[in-house]
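Following: one structure in structure tokens, then a few remarks.
The values are calculated or read from the model by the stated rules, or taken from the named source; none is laboratory data. Everything quoted here is computed from the prediction, not taken from an experiment. Using ideal geometry, Cβ is built from the backbone for each residue, glycine included, and neighbour counts are taken over all protein chains shown. Heavy atoms of the whole protein, side chains included, go into the accessibility calculation; ligands, DNA and RNA do not. Shrake-Rupley method; radii C 1.70, N 1.55, O 1.52, S 1.80 Å.
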Amino acid sequence: MIPRHSQPNRRASGLGLVTRLLTALLLVTVLISDSVAKKKDAPPPPAPVVEAPTPPPPPPPAKPEPSEPTPAQNLKLEQLLSLKNLPPPDASSRGERSRVIYPDQTIPLRFSHKNHLGRDIACDSCHSAALTSTSSRDRLLPTEEDCAVCHPIDRADPYKKTTSAPAACATCHVGVPKEAGPETPAAGKDFEALVARIVIPEPNLKFNHKQHLDKQIPCATCHGDMSKVDLATRAQLPTMAQCLSCHDNRMQSSSKAAPASPSSPGETKTGMLSGRTSRGPSPRCGTCHLQQSDGLLATRFPSGVLAPSGTMRGDIHGMDWKRNHRQPALNDPEYCATCHSQNWCQSCHNGVVRPLDLHGGDYVSRHSIEARRNQPDCGSCHRRQTFCLGCHERLGVVAHSSLPGSPPVSSFFPGSSRRFHPDGWASPTAGPGHHSWEAQRNLRTCTSCHREETCIDCHSSLPGGRFAVGKNPHGTDWINSGRCQSIQSRNPRVCLKCHRDGTTQLSCVN
């Protein structure tokens, strides 16, 4: 049991504990405030020293590129004649060569360009004549003397065996026996008669090998990668697309003189086709193609007729070219004039005799469709009042039949089964099926069957007409219109067909 006098002692000890805690808390607060004040008054610590990186040395100054190649930069001849400057493969080098430009060849030889080029034999080792050739007619094939530089050829021993380069005739010539036998001829004329001759016709083209080599153009640019070819044929000759890759009037001229600036931003088509520009390789057709004495391109050769293939301009001269040449001719008449003269065009468009192959078979029975469309224009070749109407009259498909033994039959007053027009076609009152609407819309359809007199029978104001109707075909206030004055000023005789001179109907000219 706890005595009573212990309660005041417990209360006193509790108050002392609280006092001591408050004193400690106050002391901590004072210490913290003093520490913060010292940090504010203290100077900031010095920044760490960081050594700057050593800058790299400046690059050497770039050498200025010369505007024109110096002699040291020009390709040497051995570089032009090697495969080191082979251009990338181009689609323009593919495709069939023109047999008109490059006639068919006969090359009865065994030869591998691939093997020779693999032995680092340059092109001029065999084709030395190409270095000075200025014409496509020059013979550039290697001669027997050229081959004998490496091959010890001996005509007295056509079956010669060697340990180095082969020398037997059968090595290169097809059809020659490889070994001597009882039936093989001996060396001499009889043996040489077995050697088939090479036939390479002259190309119908101009080409200057020397000029191209002087312009630093490698052989492979025109002839392709010969390191993959055995016997070279027409397939290794340049195509027109390959030629136009340079002869496009865009390459800078190789001459040191600055080209004269054209008067207009773009070169005119006439200047390009005539070759009067000096910007670079000439794009003129006559630069490569043969020409006649009149300046036109030669198109007829023993190997065929030269015509556009259509790959350049879409102007292939096919079966339907006579019908569809109008738009290309309008787009670029100068291009057509490189091969055709104006007289050549007029032989069809203004000639007495037209080509009979212009229209297809059985055209008479279906020509009415194109005649109504007027596409192509029938009047460009035919006169309607003679050619068209003359044929219709002979067949009786006209207003007045001219068949022997047939009475005149009019479509206005039909008297037979040849009736063509519907009811009300020639009625005095204009209706939905009246001929006036068709005549105003397309008078050509009327003149294919009717002559001028057919219209005058009803529309003339002169007395003595066939029907004496006097129907005025002109609109209201025609005399005061500009159309009346325009017709009268051009040809007043047209008006005198229906009107008498001096009448009020001709007062629009006064």
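Under a Cβ-Cβ cut-off of 10 Å, what is the net charge of the residues other than Ser448 that fall near it, where Lys and Arg count +1 and Asp and Glu count -1?
On the way: positive: Arg372, Arg384, Arg444; negative: none.
Residues near Ser448 contribute +3 overall.
A 1.4 Å probe run over the protein chains yields, for the range 424-503, 69 Å² of accessible area per residue, whole-number rounding.
Rolling a 1.4 Å probe over the protein heavy atoms of the range 151-211, with every protein chain left in place, gives an accessible area that is 55 percent carbon and sulfur.
Counting only protein heavy atoms and a probe of 1.4 Å, the accessible surface of the range 98-147 is 49% carbon and sulfur. Residue separation of Arg451 and Asp146 scaled by 0.36 nm, minus their Cα-Cα distance, works out to 101.7 nm of gained length.
Lys206: which aspartates and glutamates have alpha carbons under 19 Å from its alpha carbon, excluding same-chain residues fewer than 8 sequence positions away? Hits, sequence-local ones excluded: Asp104, Asp138, Asp214, Asp248, Asp294.
The listed residues Glu179, Glu438, Glu202, once ranked by accessible area (1.4 Å probe) with the largest placed first, stand as Glu179, Glu202, Glu438.
Looking at the range 340-385, the pairs of alpha carbons with a distance over 11 Å make up 73% of the total.
Within straight-line reach of Lys322, meaning a Cα separation under 14 Å, sit the following aspartates and glutamates at least 8 residues removed in sequence or on another chain: Asp357, Asp377. Within the same chain, aspartates and glutamates fewer than 8 places from Lys471 are excluded, and of the rest, those with a Cα less than 12 Å from its Cα are Asp457. Would you give the gap between the C-alpha center of the range 186-253 and the C-alpha center of the range 287-359, rounded to a whole Å? So the two Cα centres are separated by 29 Å.
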